[in-house]
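Notes to accompany the following structure.
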Amino acid sequence: MLKYEIHEEVVQIEEKPNGNDTEFHIHILEPELCLPKIREIQTHFDENRVHTDVLFYALGDRHYQVIVRADYYEEFVLQLMRHRLLRSVKWE
């Protein structure tokens, strides 16, 4: 199982199952820092060949709903880490 620690000063992330997928609720606390990073993560997944891998929904007021297909879960979490929205990621 993949475990991660959130960079709580800049972002809040909640995760819950959504059928076979995982649903993330992301609240941006530091928009100047995080909004460009969220857009880069979205672009990363929008530009690949699979259109249903990660779906982003802007809910307003710096809130996002992100639905991640099960086979892209690790890649999505690693993208969050790559863009420094997470403090750490580890396997347990």
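Listing for the model above:
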item	result
Among residues of the stretch 21-49, those that are assigned to a strand (DSSP E or B), open to solvent by less than 30 Å² (accessible area, probe 1.4 Å) and free of Cβ contacts under 8 Å to residues at least 40 places away in the same chain, counted	1
Residue within the stretch 74-81 that is in contact with a helix residue (DSSP H, G or I) (Cβ under 7 Å, 6 or more places away or on another chain), at negative phi and part of a strand (DSSP E or B) present	no
Test result for residue 52, touching a residue at least 12 places away in the same chain (Cβ under 8 Å), β-branched (Val, Ile, Thr) and exposed (fewer than 13 other Cβ atoms within 10 Å of the Cβ)	yes
Any chance residue 17 is more than 12 Å from the chain's Cα centre (by Cα) and modelled with pLDDT under 95	no
Residue list for the stretch 60-75, filter: among the hydrophobic types (A, V, I, L, M, F, W, C) and over 15 Å from residue 39 (Cβ atoms)	67, 68, 70
Hits in the stretch 1-20 (condition: out of contact with any Ser or Thr (no Cβ under 7 Å at 6 or more places or on another chain), in a strand (DSSP E or B) and either surrounded by fewer than 16 Cβ atoms within 10 Å (Cβ to Cβ) or without any contact (Cβ under 8 Å) to a residue 12 or more places away in the chain (or both))	2, 3, 12, 14, 16, 17, 18
Selection within the stretch 55-69 - over 18 Å from residue 81 (Cβ atoms), in a strand (DSSP E or B) and either open to solvent by 50 Å² or more (accessible area, probe 1.4 Å) or in contact with a Ser or Thr (Cβ under 6 Å, 6 or more places away or on another chain) (or both)	55, 57, 58, 59, 63
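The values are calculated or read from the model by the stated rules, or taken from the named source; none is laboratory data. For clarity, every value in this text was computed on a predicted model and none was experimentally measured. Note that we place each Cβ from the backbone using ideal geometry, even for glycine, and neighbour counts take in every protein chain shown. Quick note on the areas: whole protein, heavy atoms, side chains included, nothing else; ligands and nucleic acids left out. Shrake-Rupley method; radii C 1.70, N 1.55, O 1.52, S 1.80 Å.
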